[in-house]
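Worksheet: the structure to be examined is printed underneath.
The values are calculated or read from the model by the stated rules, or taken from the named source; none is laboratory data. Since the model is a prediction, treat every value here as computed from it, not as a measurement. Every residue, glycine as well, gets a Cβ built from its backbone with ideal geometry; the counts of neighbours run over all protein chains shown. The protein model used for the area step is the full one, side chains on, heavy atoms only, and it has no ligands, DNA or RNA in it. Shrake-Rupley method; radii C 1.70, N 1.55, O 1.52, S 1.80 Å.
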Amino acid sequence: MTPAPLESVGMIGVGAVGQAVSTALVASALPGRLLIASRVLDQAVALAADLEDMRHATASPVHPQACDVVGLADCTAVVVAVRAAFTNTHTADVRMAGAATNAPVIRALATCLRGYQGTVLVVTNPVDLMTRLFAETSGCPHVYGIGSNLDSARYRLTLARLSTCPRPPSRDT
């Protein structure tokens, strides 16, 4: 069963995650329109142009278009995939490294979308904190955080580093 198409989806952020999600949305043919916002409008315009080329090459019905955040108010859903500029210097609890720098960006976006009635999907790290901040600041009724396997991968890496498996005996002894 094919899901019903959404009239429009908004994407905030044109970094690696925003590009990947936008590409998947065009390929899925799920929304009729994909509105792309970025703090630098030229970057949103460039991504929309690339996605327009992809749309023609794949015969996707999705129409990508650059806009500002306020232009997303009529979208059925908005994906928040922003990342403030910072260098992660944490060696412990790396997931929290972006909290202080991402929070003002999330708060500003939530203020712009205050009262929005559609669905908001937050993928900005740390996802749990940024989702709660967006929900509380915006008052939006449907705000969800979507993580990735990154936390699981970090957890597995930490376990592997802490694991002290003895080496098997050498055959030379």
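Give the residues of region 106-116 that are part of a loop (DSSP other than H, G, I, E, B) and at pLDDT 95 or above, sorted by residue number.
Of all residues in region 106-116, those part of a loop (DSSP other than H, G, I, E, B) come to 113-116.
Leu113, Arg114, Tyr116, listed by residue number.
Residues that are modelled with pLDDT under 95 and closer than 20 Å to Thr76 by Cβ were ranked within region 28-49; the one that is most open to solvent (accessible area, probe 1.4 Å) is Ser28. Here Ser170, Ser148 are screened, and the one residue that is at pLDDT below 95, of a type outside the set (A, V, I, L, M) and within 30 Å of Ala49 (Cβ to Cβ) is Ser148. Among the conditions (1) surrounded by 16 or more Cβ atoms within 10 Å (Cβ to Cβ); (2) touching a residue at least 24 places away in the same chain (Cβ under 8 Å), the only one that Glu52 does not satisfy is (2). Scanning region 55-91 for residues that are open to solvent by less than 60 Å² (accessible area, probe 1.4 Å), under 14 Å from Gln19 (Cβ atoms) and touching a residue at least 60 places away in the same chain (Cβ under 8 Å) yields a total of 3. Within region 132-150, the residues that satisfy the criterion of being in a helix (DSSP H, G or I) and either open to solvent by 20 Å² or more (accessible area, probe 1.4 Å) or not polar (S, T, N, Q) (or both) are Arg132, Leu133, Phe134, Ala135, Glu136, Thr137, Leu150. For Thr111, the criteria (1) within 14 Å of the chain's Cα centre (by Cα); (2) open to solvent by 60 Å² or more (accessible area, probe 1.4 Å) hold in every case but one, which is (1).
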